[in-house]
Amino acid sequence: MTETVFDPAHFIRSECDAIRDFIDTLRREQAALRQADVSLLPPLAEEKAQRAQQLAQLADARKCLLSTQGQPTDRAGIERWLQDFPVAADAWQELIRLAETASQLNSINGKLVGQRLRYNQQAIAALQDATQVASLYGANGHTQPFLVGRQLGEV
């Protein structure tokens with residue numbers, strides 16, 4: 001009977017692959033935000049949510065594995081456990097770098113969303129102001145358009 005050997009490097013590389021896919025989604029989201037192509041955002045948001053859920057499941061599985069190995073489930077715990085697996089420790093460092101990249105991209109995307117939101121709010125406010133100005137009442141009680149300057153033929 002052959003004993004199955006657990007390969008922590010393979011386990012962590014799977015997590016790296018998933019975060020690379022997440023980063024790809026974030027980059028496509030960023031491109032759509034920069035181009036103001038809102039038609040791309042709903043499917044990207046759904047994809048992003050699915051990828052985030054996958055990452056959460058992989059992180060939960062990692063924490064469960066650490067727990068069964070008697071290690072704390074935090075970063076220090078995995079780094080201590082991986083001292084016995086140098087190849088896996090390298091994969092872990094790659095995962096940390098990828099997670100930092102994903103965090104930076106997500107932060108930038110959040111700022112882009114905030115900028116678009118402010119722009120849209122300003123545009124709506126300008127339109128609302130324009131409609132309020134156009135709704136002036138004349139001496140007869142009826143609305144009249146707001147005219148700036150002289151009309152043709154006036155002196």
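The values are calculated or read from the model by the stated rules, or taken from the named source; none is laboratory data. The structure displayed is predicted, hence computed values, not measured ones. Cβ sites come from the backbone with ideal geometry, for glycine too, and all protein chains shown count toward neighbours. Ligands, DNA and RNA are excluded from the accessible area calculation, which covers all protein heavy atoms including side chains. Shrake-Rupley method; radii C 1.70, N 1.55, O 1.52, S 1.80 Å.
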Quick shape check on region 49-95: root eigenvalues a ≥ b ≥ c of the Cα gyration tensor, a/c under 1.5 is rounded, otherwise prolate if a/b tops b/c, else oblate, and it reads oblate
Highest mean packing first, using Cβ neighbours within 10 angstrom, the peptides 91-98, 60-67 sort as 91-98, 60-67
Per region 1-122, sqrt(5λ) over the Cα gyration tensor eigenvalues, sorted largest first, in Å, gives 36, 14, 12
Per residue, the convex hull enclosing the Cα atoms of region 83-126 spans a volume in Å³ of 38
Carbon plus sulfur, as percent of the 1.4 Å-probe accessible area of region 1-81, comes to 52
Karplus ³J(HN,Hα) for region 7-17 (6.51 cos²θ - 1.76 cosθ + 1.60, θ = phi - 60°; Hz, whole; x = Gly/Pro) runs 10, x, 5, 5, 4, 6, 4, 4, 5, 4, 4
